[in-house]
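**Student:** Okay, here's the structure, questions in a sec.
We did not get these values from a lab; they are worked out from the coordinates using the rules stated. Predicted model, so just to flag it, every value in this text is computed and none were measured. Using ideal geometry, Cβ is built from the backbone for each residue, glycine included, and neighbour counts are taken over all protein chains shown.
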């Protein structure tokens, strides 16, 4: 891993079938439903969005109260296995989010792995503890909402 690159890993066991769970994540509109409201997450593309490799998604968020535009590319799309979204424009110097899906006896194990780099390395590293806490809180909220909605 390159200097200044950090990793976040989370796992969520989601009750339901692979088809139901993957379909939920294939619907970009659900991103708004699983993002904490204070982030003001809003998709800017016309809806619905056809999710596939090469799809670009533009949205707006607020980080620490600052409104920002973010653009993601679906760089890998393997239905019912995994997909990857990469930030092309946004607040991070690097953001690659891999979503893995695996069937288990108790439901679908969804694993998130985010490799990210803060802007303005090495000076941006001073914000790492705050960013880590924020990301853990966002992903914990997401886990809770996924289980409520599926």
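**Student:** With the structure loaded, tell me whether residue 32 is surrounded by fewer than 16 Cβ atoms within 10 Å (Cβ to Cβ), free of Cβ contacts under 8 Å to residues at least 12 places away in the same chain, farther than 25 Å from residue 127 by Cβ and within 16 Å of the chain's Cα centre (by Cα) or whether it fails that test.
**Tutor:** Yes: the conditions hold for residue 32.
**Student:** Right, another one. May I ask you to verify whether residue 146 is under 20 Å from residue 27 (Cβ atoms) and touching a residue at least 12 places away in the same chain (Cβ under 8 Å)?
**Tutor:** Answer is yes for this residue.
**Student:** Okay, next question. So how many residues does the stretch 28-51 have that are touching a helix residue (DSSP H, G or I) at 6+ places or on another chain (Cβ under 9 Å), part of a loop (DSSP other than H, G, I, E, B) and under 24 Å from residue 81 (Cβ atoms)?
**Tutor:** Adding up the residues that qualify gives 3.
**Student:** For the stretch 76-89, name all the residues that are more than 20 Å from residue 19 (Cα to Cα) and more than 13 Å from the chain's Cα centre (by Cα).
**Tutor:** Within the stretch 76-89, 88, 89 qualify.
**Student:** In contact (Cβ under 8 Å) with a residue 12 or more places away in the chain, farther than 23 Å from residue 1 by Cα and touching a strand residue (DSSP E or B) at 6+ places or on another chain (Cβ under 7 Å): does that describe residue 80?
**Tutor:** For residue 80, the condition - in contact (Cβ under 8 Å) with a residue 12 or more places away in the chain, farther than 23 Å from residue 1 by Cα and touching a strand residue (DSSP E or B) at 6+ places or on another chain (Cβ under 7 Å) - is met.
**Student:** Can we say residue 57 is touching a residue at least 12 places away in the same chain (Cβ under 8 Å) and in a loop (DSSP other than H, G, I, E, B)?
**Tutor:** Numbers: touching a residue at least 12 places away in the same chain (Cβ under 8 Å): yes; in a loop (DSSP other than H, G, I, E, B): no.
No.
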